[in-house]
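For reference, the structure discussed in these notes is given below.
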Amino acid sequence: MKYKLLGSTGVKVSELCFGTMSYGGDANEEESGRMFKACRDAGINFFDCANVYSGGKSEEILGRLMAGERDDLVITSKCTQAAGEDINAVGSSRRHIVSSVEASLKRLNTDRIDVYFMHHFDYNLPLEESLRALENLVQSGKVLYIGASNYAAWQVAKALGISARQGWSRFDVIQPMYSLVKRQAETEILPMALSENVGVISYSPVGGGALSGKYTADERPKDGRLVANDLYAKRYSAEGTFETAIAFTALAKKLGVHPVSLAVAWVGGHAAITSPIIGARNVEQLKPSLESVNIDMTPELRAEISTLSATPPLANDRLEDQV
């Protein structure tokens, strides 16, 4: 396992980040513990969570698992999504941010959160409102660094400008979706991150299961997220997704590697990516993701894989400028 600097924070994190969304949901506490141990044995020191995962159970389980080695780990959490029945238990208002941090600290049984993300952009209030609340939390020591998940590049850039003008803590980390079948981040998000030295921990490197190896020229699975989950079915409904998945599975077989390993390694091979977020329901499913670090993702191999899906157009849509 290699370690990278997380943006401009000076903090070193493992080249893989484990996403704990399955804790308390698809994975019970016992299986969560086995996955946590497998990650630690592999050298992972970076764990991503959120206040809404499994209704808060993910944070509780992670808190118990990390209790003996808190200072060795980099832990994230998030807020913005609805976290209760109250009308104000949602969004990025100062009220919701503060109450969410306090609740997450309690569930995680820790005195600070290393990276605290705004889970989604909140169109209902000025960015200044959220950023000032986050700055106060950084000043209090309850949050060390702040980040943005699912933000557009212009939203992050606007936030960076406000923080610079006010002298507040800035978004040091972003969390976009990124995989071979979801490459929109290449247009503006990843170039912006490289330009501003913002760390990137991207999610869904296996494309919701499309790149798991289950899709071949002869068969498509009858279950799984892309079949059973309407959200994932819609997210990956773009034309060409399954054609890419089939070609990708064939290439992985030719190379003699697991498709999941290759998918994660391809994401991690982008210059802007600090750590792809990997996830699993059990240890067996986790193994190929952990093995991704053994793949030598050369520029040539990454370019070959990239030809299997459409490269998104430049931000200014001047295709003649594409290199």
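No value in this document is a laboratory result; all are computed from the given coordinates. For clarity, every value in this text was computed on a predicted model and none was experimentally measured. Neighbour counts run over all protein chains shown; Cβ positions are idealised from the backbone, glycine included.
Brief remarks on what is shown
- Out-of-range pairs (alpha-carbon distance over 31 Å; input Lys182/Lys287; Lys106/Lys234; Lys12/Lys254; Lys4/Lys142; Lys158/Lys287; Lys57/Lys253): Lys106/Lys234; Lys12/Lys254; Lys158/Lys287; Lys57/Lys253
- Excluding exposed DSSP-loop GluC sites (Glu not before Pro) (at most 12 other C-beta within 10 Å), longest clean stretch of the chain: 86-218
- Nearest-0.05 FRET efficiency for Leu194 and Gln322, computed from C-beta distance (R0 25 Å): 0.90
- Rounded D (µm²/s) - the stretch 1-62, Kirkwood Rh over Cα pairs, Stokes-Einstein at 37 °C, 0.692 mPa s: 269 µm²/s
- Volume per residue of the C-alpha convex hull in the chain, rounded to whole Å³: 139 Å³
- Rounded to 5, the percent of DSSP beta bridges in the chain classed as antiparallel: 15 percent
- The relative contact order of the stretch 3-175 comes to 18 percent, based on Cα pairs under 8 Å that sit 6 or more residues apart.
- Cβ-to-Cβ counts within 10 Å put Asp114, Asp26, Asp72 in ascending order as Asp72, Asp26, Asp114, the fewest first.
- Taking 0.890 mPa s as the viscosity and 25 °C as the temperature, the Stokes-Einstein diffusion coefficient of the stretch 3-175 based on its alpha-carbon Kirkwood radius rounds to 151 µm²/s.
- Among Leu255, Leu73, Thr244 the positive-end extreme of the charge dipole of the chain (Cβ point charges): Leu73
- Charge dipole of the chain (Cα centre as origin; +1 on each Lys and Arg Cβ, -1 on each Asp and Glu Cβ, all else neutral): 260 debye, rounded to the nearest 20.
- Beta bridges by DSSP in the stretch 60-199, antiparallel share as percent, to the nearest 5: 5 percent
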